[in-house]
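*Asks:* Here you go, one structure.
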Amino acid sequence: MSEHPLNSNSCLEVVIDLLAKRGVSLDDIAEIVHFLQINYVPNLTLEMCLESVKAVLKKREVQNALLTGIQLDMLAEQKKLLPPLQSIIETDEPLYGVDEVLALAIVNLYGSIGFTNFGYVDKLKHGKLAYLNDKNNGVHTFLDDLVGAIAAAASSRIAHRQKQQEE
């Protein structure tokens, strides 16, 4: 039997703890959300961004993607993957797109604007994403895309809510 009961609240706690252990705070993600949305929502606060990040993280599909991706990054750091997957993930092989595909499961939850936000933030590597993308800071092949996807989804959530308020 697992030491963690399988429910959204316990999984959320595990995911937040794993993010922290991998050097990512919810505030780090909220800062990326703020960067993505401030030009469109002028009164946007970091607190509003953090609320949106937390709402995204409460979704089970997001939790599952994070648990899977972070585990693969950790196994790659421990050199416990089979070749050639070990080398592919350890070096973040440019033609390996499974990390982006996993991230798209998160982005897809908030519609097409999420894809645009994700592509932009993935290319730009703003904020904590630059740290995660730096190979000197560990293996974060999955995590950099997953954090970008959470930020993109949280940004999309804000954009949708802003539009609803305007209407």
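The values are calculated or read from the model by the stated rules, or taken from the named source; none is laboratory data. The shown structure was predicted, so the numbers you read here are calculated from the model rather than taken from an experiment. Ideal geometry is used to build each Cβ from the backbone, glycine not excepted, and the neighbour counts take in all protein chains shown. Ligands, DNA and RNA are excluded from the accessible area calculation, which covers all protein heavy atoms including side chains. Shrake-Rupley method; radii C 1.70, N 1.55, O 1.52, S 1.80 Å.
*Asks:* Take the residues of region 97-142 that are modelled with pLDDT under 95 and among the hydroxyl-bearing types (Ser, Thr, Tyr): which is farthest from Leu46 (Cα to Cα)?
*Replies:* Per the stated criteria, the residue is Ser112.
*Asks:* Looking only at region 75-110, count how many residues are within 18 Å of the chain's Cα centre (by Cα) and not hydrophobic (A, V, I, L, M, F, W, C).
*Replies:* Step one: of region 75-110, the residues within 18 Å of the chain's Cα centre (by Cα) are 89, 92, 96-110.
Next, from what is left, pick out any that are not hydrophobic (A, V, I, L, M, F, W, C): 92, 96-97, 99-100, 108, 110.
The qualifying residues number 7.
*Asks:* Taking the condition of being hydroxyl-bearing (Ser, Thr, Tyr) and in contact with a Phe, Trp or Tyr (Cβ under 7 Å, 6 or more places away or on another chain), how many residues in region 52-74 meet it?
*Replies:* Narrowing region 52-74 to residues hydroxyl-bearing (Ser, Thr, Tyr): 52, 68.
Pick out the ones that are also in contact with a Phe, Trp or Tyr (Cβ under 7 Å, 6 or more places away or on another chain) and you get none.
Qualifying residue count for the region: 0.
*Asks:* OK, next. Of the residues that make up region 63-78, is at least one assigned to a helix (DSSP H, G or I), open to solvent by 40 Å² or more (accessible area, probe 1.4 Å) and closer than 20 Å to His126 by Cβ?
*Replies:* Quick first cut of region 63-78, residues assigned to a helix (DSSP H, G or I) only: 63-77.
The next check asks that each one be open to solvent by 40 Å² or more (accessible area, probe 1.4 Å); those that pass are 64, 67-68, 71-72, 74-75, 77.
After this cut, where a residue has to be closer than 20 Å to His126 by Cβ as well, the list is none.
Checked region 63-78: no residue is assigned to a helix (DSSP H, G or I), open to solvent by 40 Å² or more (accessible area, probe 1.4 Å) and closer than 20 Å to His126 by Cβ.
*Asks:* Sticking with this one: Is at least one residue of region 5-27 in a helix (DSSP H, G or I), under 17 Å from His126 (Cα atoms) and open to solvent by 40 Å² or more (accessible area, probe 1.4 Å)?
*Replies:* Within region 5-27, one or more residues are in a helix (DSSP H, G or I), under 17 Å from His126 (Cα atoms) and open to solvent by 40 Å² or more (accessible area, probe 1.4 Å).
*Asks:* Please list, ordered by residue number, the helices (runs of 4 or more DSSP H) wholly in region 88-167 having 3 or more residues that are within 16 Å of Ile38 (Cα to Cα) and open to solvent by less than 50 Å² (accessible area, probe 1.4 Å). Quick ask: steps written out before the conclusion?
*Replies:* Values: elements: 98-107, 112-124, 128-133, 143-166.
Filter on region 88-167 gives 112-124, 143-166.
*Asks:* State which residue is surrounded by the most Cβ atoms within 10 Å (Cβ to Cβ) when the search covers only region 28-53 and only residues that are free of Cβ contacts under 8 Å to residues at least 60 places away in the same chain and assigned to a helix (DSSP H, G or I).
*Replies:* Only one residue fits best here, namely His34.
*Asks:* Filter region 1-59 down to residues that are of a type in the set (A, V, I, L, M, F, W, C), touching an Asp or Glu at 6+ places or on another chain (Cβ under 9 Å) and over 30 Å from Gln165 (Cα atoms), then give me how many there are.
*Replies:* Total meeting the criteria: 1.
*Asks:* Okay, moving on. Under 6 Å between Cβ atoms, which residue pairs at least 6 apart in sequence (or on different chains) link something in region 110-133 that is touching a residue at least 60 places away in the same chain (Cβ under 8 Å) with a partner that is not in a helix (DSSP H, G or I)?
*Replies:* If the second residue must be not in a helix (DSSP H, G or I), the pairs left are Lys128/Val24; Leu132/His140.
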